[in-house]
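*Asks:* Sharing a structure here in structure tokens format.
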């Protein structure tokens, strides 16, 4: 009897992680499909490059602005119900995009797709901390992030193979429909709140913790710098004398490294006693690799450096997201609130750091983009070194 119960629990854990991973894959697939279609969309809707950039980032906006309010909704209605609503809204957005002839309607439809990701991005750490030991939460988050990177890579490789936008959208709608049904049938409605404190009280407690602010700023830098570097790397490499085709192929290596780092580095970190120094080391290595990108022109050196940056960032993202669990030992409700706060900073970094910090500082000098990025990566390392030392006790809280 106990074996059957244990087998059922293992199945539920696997189903939970797999559903979170597939949702992460799907939202990244839908978003990244816009990148190869940039010229086509700008011509079709008569929009500027700035407007296209806003369109590309629109799927992040629901999580950025609604992540914290969704904390209350998830506590009241549960993860399963809230994500089901998010998936349905995303399904509606995918359907509406087929019939759009005006940019504002297309933009709004694309924004609706981002609702599929609110619960996934804000509640991943909280949910996994309920079903896994603390040292394994980062591994589960790493898998989810790796699936997201896989979705991005698949989109970049396959979008140009579709005969038209309609056929691509119909496939996306089928994927979203399958996800929606699978979520309803397979996902257990995990209770994410184990405290009688209100969300407001918990939020105040979380905000008073200085390490939360250090971790949130570090996460903002990790994701913001990676987003900016990924966006500008093709033009930087083209400026070094490589063709657009070569630059695109070399840039894709960063996604491969990101995938590998997200899968393997959290597992390595889970057996270390001093995780914060490991994270500082990764930030320093990524900074050094970025400096090499700025000063060297040889293809193999550049590819190795791009791969190194991808691996380090891919490992740092899940490790930073799980700081409330692994280093601060928060209870479930605090994890829930801090997860939504971290997500807000993470996505805020993607929107703000490339456009409002790196580019204004660097101007039109492509190497300065990399040098300022490397400098801010060193700041990440300092912030990680300021975190408390994690000490696993080998059992769940």
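The values are calculated or read from the model by the stated rules, or taken from the named source; none is laboratory data. Quick caveat, the model's predicted, so the values are computed rather than measured. Neighbour counts run over all protein chains shown; Cβ positions are idealised from the backbone, glycine included.
*Asks:* Which of the residues belonging to the stretch 229-244 are surrounded by fewer than 24 Cβ atoms within 10 Å (Cβ to Cβ), closer than 20 Å to residue 56 by Cβ and modelled with pLDDT of 85 or more?
*Replies:* Applying the first criterion (surrounded by fewer than 24 Cβ atoms within 10 Å (Cβ to Cβ)) to the stretch 229-244 yields 230-232, 234-236, 238-244.
Among the residues that remain, those that are also closer than 20 Å to residue 56 by Cβ are: 230-232, 234-236, 238, 244.
If the condition is that a residue be surrounded by fewer than 24 Cβ atoms within 10 Å (Cβ to Cβ), closer than 20 Å to residue 56 by Cβ and modelled with pLDDT of 85 or more, then 236 is the only one that fits.
*Asks:* Another one. Restricting attention to the stretch 258-280, report how many residues are surrounded by fewer than 24 Cβ atoms within 10 Å (Cβ to Cβ) and under 21 Å from the mean Cα position of the chain (by Cα). Working first, answer last.
*Replies:* To start, the set of residues in the stretch 258-280 that are surrounded by fewer than 24 Cβ atoms within 10 Å (Cβ to Cβ) comprises 259-260, 263-264, 267-268, 270-274, 276-278, 280.
Retained after the next criterion (residues that are under 21 Å from the mean Cα position of the chain (by Cα)): 259-260, 263-264, 267-268, 270, 276, 278, 280.
Summing the residues that are surrounded by fewer than 24 Cβ atoms within 10 Å (Cβ to Cβ) and under 21 Å from the mean Cα position of the chain (by Cα) in the stretch 258-280 gives 10.
*Asks:* Would you point out the residue of the stretch 285-309, among those that are part of a loop (DSSP other than H, G, I, E, B) and free of Cβ contacts under 8 Å to residues at least 40 places away in the same chain, that is nearest to residue 253 (Cα to Cα)? Quick ask: steps written out before the conclusion?
*Replies:* First, pick out the residues of the stretch 285-309 that are part of a loop (DSSP other than H, G, I, E, B): 296-298.
Checking which are free of Cβ contacts under 8 Å to residues at least 40 places away in the same chain leaves us with 296, 298.
Values: 296: 17, 298: 15 Å.
Among those residues, the one meeting the criterion is 298.
*Asks:* Pick out the one residue from 152, 80, 134, 130 that is more than 20 Å from residue 190 (Cβ to Cβ) and either crowded, with 16+ Cβ neighbours inside 10 Å or in contact with a helix residue (DSSP H, G or I) (Cβ under 6 Å, 6 or more places away or on another chain) (or both). Write out each step before concluding.
*Replies:* On the way: 80 fails: more than 20 Å from residue 190 (Cβ to Cβ); 134 fails: more than 20 Å from residue 190 (Cβ to Cβ); 130 fails: more than 20 Å from residue 190 (Cβ to Cβ).
Answer to the check: 152.
*Asks:* With (1) closer than 30 Å to residue 133 by Cβ; (2) touching a residue at least 24 places away in the same chain (Cβ under 8 Å); (3) out of contact with any helix residue (DSSP H, G or I) (no Cβ under 6 Å at 6 or more places or on another chain) as the list, and residue 87 as the residue in question, which single condition is left unmet?
*Replies:* Here residue 87 clears every test but (3).
*Asks:* Inside the stretch 320-338, can you point out the residues that are part of a loop (DSSP other than H, G, I, E, B) and crowded, with 24+ Cβ neighbours inside 10 Å? Spell out the reasoning first.
*Replies:* The first filter runs over the stretch 320-338 and keeps only residues part of a loop (DSSP other than H, G, I, E, B), leaving 322, 327-331.
Across the stretch 320-338, the qualifying residues are 322, 330.
*Asks:* Answer yes or no: is there a residue in the stretch 8-17 that is under 16 Å from the mean Cα position of the chain (by Cα) and either modelled with pLDDT under 90 or in the same structural domain as residue 145 (by TED's automatic domain parsing) (or both).
*Replies:* The initial filter retains those residues of the stretch 8-17 that are under 16 Å from the mean Cα position of the chain (by Cα), namely 17.
Of the ones still in play, those that are also either modelled with pLDDT under 90 or in the same structural domain as residue 145 (by TED's automatic domain parsing) (or both) are 17.
The answer is yes, given that some residue of the stretch 8-17 is under 16 Å from the mean Cα position of the chain (by Cα) and either modelled with pLDDT under 90 or in the same structural domain as residue 145 (by TED's automatic domain parsing) (or both).
*Asks:* A further question on this structure: Just one of 218, 182, 149, 157 is within 16 Å of the chain's Cα centre (by Cα) and in the same structural domain as residue 121 (by TED's automatic domain parsing); which is it?
*Replies:* Working: 218 fails: in the same structural domain as residue 121 (by TED's automatic domain parsing); 182 fails: within 16 Å of the chain's Cα centre (by Cα); 157 fails: within 16 Å of the chain's Cα centre (by Cα).
Going through 218, 182, 149, 157 in turn, the sole match is 149.
*Asks:* In the set 317, 341, which member is farther than 21 Å from residue 268 by Cβ, part of a helix (DSSP H, G or I) and not assigned by TED's automatic domain parsing to the domain that holds residue 60? Give the steps one after another, and end with the answer.
*Replies:* Numbers: 317 fails: farther than 21 Å from residue 268 by Cβ.
Within the list 317, 341, the selection yields 341.
Conditions tested, residue by residue: (1) closer than 15 Å to residue 159 by Cα; (2) in contact with a strand residue (DSSP E or B) (Cβ under 9 Å, 6 or more places away or on another chain); (3) free of Cβ contacts under 8 Å to residues at least 60 places away in the same chain; (4) not in a loop (DSSP other than H, G, I, E, B).
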{"residue": "24", "(1), (2), (3), (4)": "no, no, no, yes"}
{"residue": "34", "(1), (2), (3), (4)": "yes, no, no, no"}
{"residue": "44", "(1), (2), (3), (4)": "no, no, yes, yes"}
{"residue": "54", "(1), (2), (3), (4)": "no, no, yes, yes"}
{"residue": "63", "(1), (2), (3), (4)": "no, no, no, yes"}
{"residue": "70", "(1), (2), (3), (4)": "no, no, no, yes"}
